[in-house]
Structures are given as C-alpha cells and as structure tokens.
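Only one structure is covered here, and it is reproduced in the block below.
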C-alpha cells in the first residue's frame, strides 16, 4: 500500500484539513499520514480561531514519519507562518519527497484569514518552487498574482504567472526536474464549473456541470488530496485531475447533509472505486 503525507491544519468538524485528506487518501487505496500545522476552532458555519504549531513541533511530527515511511506523495494545505513553511520546504528538500501537491490555503470560505503577508511571501519563495502541482482557487490566485481573477481568461493568465513564479524560484537540479503544473480552480465562476491547468506544454480547461448543494466544506482539500494520491499511483496530471474531479462530484452528491452551514462531503461515496 502506498503511503501519502499531508501537512496541513486540523479541522475538528472533520470536513477539511488533515482529516479530510486522510479520508481521501483511503478512498484511493492509499495509507494516510499527517503532520498538523495549526489547530483550528471551526465547524460548518465558520472558523472561530487558529492555534498555530511552532516549527519545532512540526519538525517533531515530520521527522519520525519521513524516517519510517517510504512516502509516495505529499500534499500541503494550511501553512500559516513563515516558520512552518520553511520547515515544510526543508523537509521536502532534505528527503527528496516526490509528487508534491501544494494547496495554497489562504482564507477560509467564511472569510477567516489563514495566512499572513509574511507567510504568503515565504510560500511564493520557498514552497511553490518545490511543487509538482499547485492548486489555488480563484481568490488564492488573486493573492498570489496581485491581479484580478474573475474570468476564464484571467484564470489562464494567473495559472501561467504562478507557474512562472514557481519556476523562477527553483534553485537545484531536483527542483528543476519537478513537473510544475498549476491548476486554478473555478468553483466561483458563473455557470458550469471550470478549472484551468497550465503545465508548460498545454493549457487545458476541465469542465463539469455545477452541483447545486450547500455541502462544499473541504472541497479544495479533498481535490488536492485526491491529486496527490493519484499521482502517487502513477497517473499523469491530466488523468489525475479528471479522476479527482469525478471523485469530488461523487463525494458532494453523496454528502450526509450535516451541520448548519457548508456541510462536509461523503469521502466514501456509494459505489466509488478509487
């Protein structure tokens, strides 16, 4: 069984963060491991607070994992401080971790800022250059580029700029060898759901019917975790995105309709075979 690592925040409601990631890994037949960067206080309605872990605490979690397991992929989520970003980047570099999927979690859907400007700069400088795949939503793409991202054409521009930004920061042969693809997620576009991939060779638009549901808590975490698991299993990026989007749709349609806000997904939808 392949082992996949998530480095992200803890959501006690179970819909997002490391709990959602590990459920997603399991849905694709992978064994999930996790290092927690922040303990959040949240439910389906809102994020009420976050209690960030120090670099020392994060290192204490990561070191036993990377020394014990042969990791097939790593996904990063909420990295709220420069120190946690630096520690994550150093671990990826030191152990040459493969198939790095960076989900640049910047703000919760309810409007809670999950990263400060200093950490955002570190994300650009230290972590994006180590990524095989970067998965910002439209709002995150705006923060990373400083430009509006409201239309499909602006999503394509943002994907190209973020990819160029990541490539410009690469410093070693190992970094240069990574694929560096950017998937800008268009969940907030009007009309059908469309995501834009720029992998340096092609710009591809992945379209799907929009699902009318309130159960959207953790969709970004789930998609990026699915990509990590699928890349670990040998899928190419285009195939991984297609299958991850199919899984996300199934998880949304089978959602248990829990909570009073944006409800969680069903990470093990009936009939799903990862």
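Of all the numbered requirements in (1) touching a helix residue (DSSP H, G or I) at 6+ places or on another chain (Cβ under 9 Å); (2) more than 30 Å from residue 3 (Cα to Cα), residue 156 misses one, and that requirement is (1).
Selection of segment 74-120 for residues being surrounded by fewer than 17 Cβ atoms within 10 Å (Cβ to Cβ) and either at pLDDT 95 or above or within 25 Å of residue 199 (Cβ to Cβ) (or both) yields 90, 93, 94, 95, 96, 98.
For segment 198-226, taking the residues that are surrounded by fewer than 20 Cβ atoms within 10 Å (Cβ to Cβ) and part of a strand (DSSP E or B), the one that is modelled with the lowest pLDDT is identified as 208.
Scanning segment 12-30 for residues that are touching a residue at least 12 places away in the same chain (Cβ under 8 Å) and under 18 Å from residue 262 (Cβ atoms) yields 12, 13, 14, 15, 16, 17, 20, 21, 23, 24.
Conditions tested, residue by residue: (1) under 18 Å from residue 267 (Cβ atoms); (2) assigned to a strand (DSSP E or B).
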position: 6; (1), (2): yes, yes
position: 9; (1), (2): yes, yes
position: 12; (1), (2): yes, no
position: 33; (1), (2): yes, yes
position: 67; (1), (2): no, no
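The values are calculated or read from the model by the stated rules, or taken from the named source; none is laboratory data. Note that the structure is predicted; figures quoted are calculated from it, not measured. Every residue, glycine among them, receives a Cβ derived from its backbone with ideal geometry; neighbour counts consider all protein chains shown.
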